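> Below you will find the structure I want to go over with you.
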Amino acid sequence: MTDTETFSRWFKVDQSRIDAFADVTEDWQFIHTDPVQAAQTPFGGTVAHGFLSLSLLSAMYCDALPLPADVTRSVNYGFDKLRFLSPVHAGAQVRGAFRLLRSDDTIPGQVSNTWSVRVEIEGGEKPALIARWLTRYYTENSA
């Protein structure tokens, strides 16, 4: 729909954020939570969970693309495609890049959007992830 990309601010992914995510998801694999043991791997240190990078999309989206005034709620509808391409090392900064691919408002009071999204790693050659993300807005006129 548009070739214009909109970017969020940078978000720091430090060890405390990674540890908090591990606690919430009960995924304490050492590559995420044990800097000493993770240093012995090809990563050279701890890395964020892929799903942590993915979960930051909501905050990135709100930062980059404030909701229109007539939107009463917004929901995640799903993903048509999602690929994790590069690890996010503890201490890195990431940001979201968003490009609207399609917008459908054929149902009154409801707008379905398809976004091309990319989570970039500051100074990285490849993004942490790419995805095709589906969101839905509901307006004051929705049933």
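The values are calculated or read from the model by the stated rules, or taken from the named source; none is laboratory data. The model shown is predicted, which means the values in this text are computed figures rather than measured ones. Cβ sites come from the backbone with ideal geometry, for glycine too, and all protein chains shown count toward neighbours.
> Name the one entry in 123, 44, 78, 50 that is of a type in the set (Gly, Ala, Ser) and over 26 Å from residue 26 (Cα atoms). Full working, then the answer.
Numbers: 44 fails: over 26 Å from residue 26 (Cα atoms); 78 fails: over 26 Å from residue 26 (Cα atoms); 50 fails: over 26 Å from residue 26 (Cα atoms).
Result of the check over 123, 44, 78, 50: 123.
> Within the group 25, 4, 33, which residue is surrounded by fewer than 11 Cβ atoms within 10 Å (Cβ to Cβ) and polar (S, T, N, Q)? Spell out the reasoning first.
Working: 25 fails: surrounded by fewer than 11 Cβ atoms within 10 Å (Cβ to Cβ); 33 fails: surrounded by fewer than 11 Cβ atoms within 10 Å (Cβ to Cβ).
Only one candidate qualifies: 4.
> When you scan the range 57-75, do you find a residue that is among the charged types (D, E, K, R) and over 23 Å from residue 9 (Cβ atoms), even just one? Steps first, please.
Just the residues of the range 57-75 that are among the charged types (D, E, K, R), to begin with: 63, 70, 73.
Now restrict to residues that are over 23 Å from residue 9 (Cβ atoms): 70, 73.
Within the range 57-75 (the criterion being among the charged types (D, E, K, R) and over 23 Å from residue 9 (Cβ atoms)), the answer is yes, since at least one residue qualifies.
> Does the range 28-37 include one or more residues that are within 20 Å of the chain's Cα centre (by Cα) and either assigned to a helix (DSSP H, G or I) or not small (Gly, Ala, Ser) (or both)?
Of all residues in the range 28-37, those within 20 Å of the chain's Cα centre (by Cα) come to 32.
Now drop any that are not either assigned to a helix (DSSP H, G or I) or not small (Gly, Ala, Ser) (or both), which leaves 32.
Within the range 28-37, one or more residues are within 20 Å of the chain's Cα centre (by Cα) and either assigned to a helix (DSSP H, G or I) or not small (Gly, Ala, Ser) (or both).
> Kindly evaluate residue 67 against the criterion of being in contact with a strand residue (DSSP E or B) (Cβ under 8 Å, 6 or more places away or on another chain), outside any strand (DSSP E or B) and free of Cβ contacts under 8 Å to residues at least 40 places away in the same chain.
Spelling it out, it is not the case that residue 67 is in contact with a strand residue (DSSP E or B) (Cβ under 8 Å, 6 or more places away or on another chain), outside any strand (DSSP E or B) and free of Cβ contacts under 8 Å to residues at least 40 places away in the same chain.
> So which of 51, 79 is part of a helix (DSSP H, G or I), surrounded by fewer than 17 Cβ atoms within 10 Å (Cβ to Cβ), modelled with pLDDT of 95 or more and not hydroxyl-bearing (Ser, Thr, Tyr)? Can you show your working first?
Values: 79 fails: part of a helix (DSSP H, G or I).
Going through 51, 79 in turn, just one is part of a helix (DSSP H, G or I), surrounded by fewer than 17 Cβ atoms within 10 Å (Cβ to Cβ), modelled with pLDDT of 95 or more and not hydroxyl-bearing (Ser, Thr, Tyr): 51.
> Something else about it: For the range 54-70, how many residues are loosely packed, with under 15 Cβ neighbours inside 10 Å and under 16 Å from residue 113 (Cα atoms)?
Residues in the range 54-70 being loosely packed, with under 15 Cβ neighbours inside 10 Å and under 16 Å from residue 113 (Cα atoms): 6 in total.
> Residues of the range 83-98 being part of a strand (DSSP E or B) and surrounded by 15 or more Cβ atoms within 10 Å (Cβ to Cβ), which ones?
Step one: filter the range 83-98 for residues part of a strand (DSSP E or B), giving 83-84, 89, 92-98.
Scanning the range 83-98 gives 84, 89, 92, 93, 94, 95, 96, 97, 98.
> I would also like to ask the following. I need the full set of residues from the range 106-122 which are surrounded by 15 or more Cβ atoms within 10 Å (Cβ to Cβ) and either among the acidic types (Asp, Glu) or in a loop (DSSP other than H, G, I, E, B) (or both), in order please. Spell out the reasoning first.
Here is the first cut: in the range 106-122, the residues surrounded by 15 or more Cβ atoms within 10 Å (Cβ to Cβ) are 110-121.
The answer is 120, and nothing else.
> Which one of these is over 19 Å from residue 7 (Cα atoms) and at pLDDT 95 or above: 42, 127, 108? Before the answer, list the steps.
On the way: 127 fails: over 19 Å from residue 7 (Cα atoms); 108 fails: at pLDDT 95 or above.
Matching residue, one of 42, 127, 108: 42.
> Could you list, ordered by first residue, the pairs with Cβ atoms under 8 Å in which the first is in the range 39-50 and of a type in the set (Phe, Trp, Tyr) and the second is in a loop (DSSP other than H, G, I, E, B), at least 6 apart or interchain?
Filtered contacts from the range 39-50: 43/87.
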